[in-house]
Amino acid sequence: MSDFLGPAAILALGIWTYLTLGHGRFWDGARLLDGGDRPPRDWPCVTAVVPARNEALFVGRAVRSLLDQDYPGPLHVVVVDDRSEDGTADAVRAVLDPGEQRRVAIRRGQALPIGWTGKLWAMCQGVVAAERTDPDYYLFTDADVAHHPTALRRLVAKATAHELDLASLMVRLQADGFWGRLLIPAFVFFFQKLYPFPWVNDARRRTAGAAGGCMLVRRSALLRAGGLRVIAGALIDDCALAGLIKRHRGRIWLGLTDETFSLRPYAGLAAVWDMVARTAYTQLRHSPAWLAATLGGMALTYLAAPLALLWGLVTWHAALLMLGGATWLLMALCYAPTLMLYRQSPVRGLLLPLAAVLYAAMTFDSARRHHQGRGGAWKGRTYARPV
């Protein structure tokens, strides 16, 4: 066992040394939206597009948060009710004060065409409906996101000051209960590792990513890139849109926020599992080879160090103790800023290997669902890859 764990622990230490020093400082968590950007002389017109399918529980509060923005310029809201069966449209109407109907348009979604995913089709219909307001920017936002009252003003200031074509925020996710505290910060950490924010924000690099809960997109940039039809079938719509904008010489920015947050609870294991399993295999391009490489890589990256440390304790093997301990500590230190963003003790970083094992299982389950014809299942729709 020592002959196997020794080389594995050395490789793991090398991986975490690279991730710490050479992977775009993905871990530092310092890219929070602040109010330090110079505001524009004339505030542009923004139309928020809210795709909503069976979101009666959350959409009212989400829309109310948009209407309560302190944004100095023109702000309109388009809610696309994607054939909901739970009174989503009525939930929106219930939060509107007298006179606000002019600012909010509710559109009943049309039947889903072949080749489109549901959310992107709803977003596309929202863009068409928004034409009456002649917006300079679209704010694509989810129906379960509550925006801080100053969020849009600060996001637009950043976009105009830095000439951004897409400015996106990874909103704060609910992390309640044992499973939420274990898995949600890890989800954010893994996302940052997959799409290092400094690389996303660097126009010289091809890395492109966005967070679908809050995406401010310049209208002219979307038109220049060909519109949402170009990515009509994308399951991971936010990153597909970021890639589209960046491929057409657009400037993008992706950051974090601890003020704008998701209303959707993720307290149980099943809720997080379904969220990840829906698209994890899509991220791997439905490739068995990529799946095997990913699972093997996760085992080496996250399990080799704890196993080496534990085996070193059992056998009192000094080299394994030092390698395993140093790597596990480095892993936890990288994870600490994300945990602190979620107001958790950095000591919980020692549980990252456990979270990684569960995410590996979710990824494997995503592949299993795909091969059973249930890939991309979400809100009553299934988007299996054509064969």
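The values are calculated or read from the model by the stated rules, or taken from the named source; none is laboratory data. The shown structure was predicted, so the numbers you read here are calculated from the model rather than taken from an experiment. Here Cβ is always computed from backbone atoms with ideal geometry, including for glycine, and neighbour counts include all displayed protein chains.
For the stretch 231-246, the tally of residues that are over 20 Å from Ala203 (Cβ atoms) and either in a helix (DSSP H, G or I) or assigned by TED's automatic domain parsing to the domain that holds Arg285 (or both) stands at 2.
Residue by residue, here is whether (1) more than 30 Å from Arg219 (Cα to Cα); (2) free of Cβ contacts under 8 Å to residues at least 24 places away in the same chain holds:
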| residue | (1), (2) |
| --- | --- |
| His162 | no, no |
| Asp165 | no, no |
| Gly180 | yes, no |
| Pro185 | yes, no |
| Val188 | no, no |
| Phe191 | no, yes |
| Tyr195 | no, no |
| Trp199 | no, no |
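Scanning the stretch 250-274 for residues that are β-branched (Val, Ile, Thr) and in a strand (DSSP E or B) gives Ile252, Thr257, Thr260.
Against the conditions (1) part of a helix (DSSP H, G or I); (2) surrounded by fewer than 19 Cβ atoms within 10 Å (Cβ to Cβ), Thr338 satisfies every one except (2).
Residues in the stretch 113-153 that are surrounded by fewer than 15 Cβ atoms within 10 Å (Cβ to Cβ) and in contact with a Gly (Cβ under 6 Å, 6 or more places away or on another chain): 1 in all.
If you go through the stretch 20-49 and pick out every residue that is in a strand (DSSP E or B) and surrounded by fewer than 19 Cβ atoms within 10 Å (Cβ to Cβ), you end up with 1.
Considering the conditions (1) surrounded by fewer than 20 Cβ atoms within 10 Å (Cβ to Cβ); (2) out of contact with any Phe, Trp or Tyr (no Cβ under 8 Å at 6 or more places or on another chain); (3) touching a residue at least 12 places away in the same chain (Cβ under 8 Å); (4) under 25 Å from Ala271 (Cβ atoms), Arg108 is excluded by exactly one of them, (4). Residue count for the stretch 275-299 satisfying the condition of being within 15 Å of the chain's Cα centre (by Cα), assigned to a helix (DSSP H, G or I) and farther than 16 Å from Val188 by Cα: 1. The number of residues in the stretch 139-175 being in a loop (DSSP other than H, G, I, E, B) and within 13 Å of Gly255 (Cβ to Cβ) comes to 2. Filtering the stretch 115-169 to residues that are closer than 17 Å to Gln69 by Cα and β-branched (Val, Ile, Thr) leaves Thr141, Val145, Thr150, Val156.
Assess whether Ala186 counts as being within 30 Å of Gly115 (Cβ to Cβ) and modelled with pLDDT of 95 or more. So Ala186 fails the test.
Table: residues versus (1) over 22 Å from Val128 (Cα atoms); (2) outside any helix (DSSP H, G or I); (3) among the aromatic types (Phe, Trp, Tyr); (4) at pLDDT 95 or above.
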{"position": "Pro51", "(1), (2), (3), (4)": "no, yes, no, yes"}
{"position": "Ala56", "(1), (2), (3), (4)": "yes, yes, no, yes"}
{"position": "Arg64", "(1), (2), (3), (4)": "yes, no, no, yes"}
{"position": "Asp70", "(1), (2), (3), (4)": "yes, yes, no, yes"}
{"position": "Gly73", "(1), (2), (3), (4)": "no, yes, no, yes"}
{"position": "Val80", "(1), (2), (3), (4)": "no, yes, no, yes"}
{"position": "Arg83", "(1), (2), (3), (4)": "no, yes, no, no"}
{"position": "Pro98", "(1), (2), (3), (4)": "yes, yes, no, no"}
{"position": "Gln101", "(1), (2), (3), (4)": "no, no, no, no"}
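When Ala267, Ala277, Ala271 are screened for being of a type in the set (A, V, I, L, M), at pLDDT below 95 and buried (at least 20 other Cβ atoms within 10 Å of the Cβ), only Ala277 passes. Here the condition is being surrounded by fewer than 17 Cβ atoms within 10 Å (Cβ to Cβ) and assigned to a helix (DSSP H, G or I); of Phe178, Phe187, it holds for Phe178 alone. Exactly one residue among Gly60, Gly14 is surrounded by fewer than 19 Cβ atoms within 10 Å (Cβ to Cβ), out of contact with any Pro (no Cβ under 7 Å at 6 or more places or on another chain) and without any contact (Cβ under 8 Å) to a residue 40 or more places away in the chain, and that residue is Gly14.
Every residue, every condition in (1) modelled with pLDDT of 95 or more; (2) under 17 Å from Leu11 (Cβ atoms); (3) in the same structural domain as Ala210 (by TED's automatic domain parsing), yes or no:
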position: Met298; (1), (2), (3): yes, yes, no
position: Leu303; (1), (2), (3): yes, yes, no
position: Leu307; (1), (2), (3): yes, yes, no
position: Ala318; (1), (2), (3): no, no, no
position: Gly324; (1), (2), (3): yes, yes, no
position: Leu330; (1), (2), (3): yes, yes, no
position: Leu333; (1), (2), (3): yes, no, no
position: Leu339; (1), (2), (3): yes, no, no
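Restricting the first member to the stretch 77-104 and to residues that are surrounded by fewer than 20 Cβ atoms within 10 Å (Cβ to Cβ), and the second to residues that are charged (D, E, K, R), the beta-carbon pairs closer than 8 Å and six or more apart or on different chains are Arg83/Arg53; Arg83/Arg108; Asp86/Glu55; Ala89/Asp81; Ala89/Arg108; Val95/Arg61; Val95/Arg64. Taking the conditions (1) at pLDDT below 95; (2) of a type in the set (D, E, K, R); (3) under 20 Å from the mean Cα position of the chain (by Cα) in turn, Asp142 satisfies each one other than (1).
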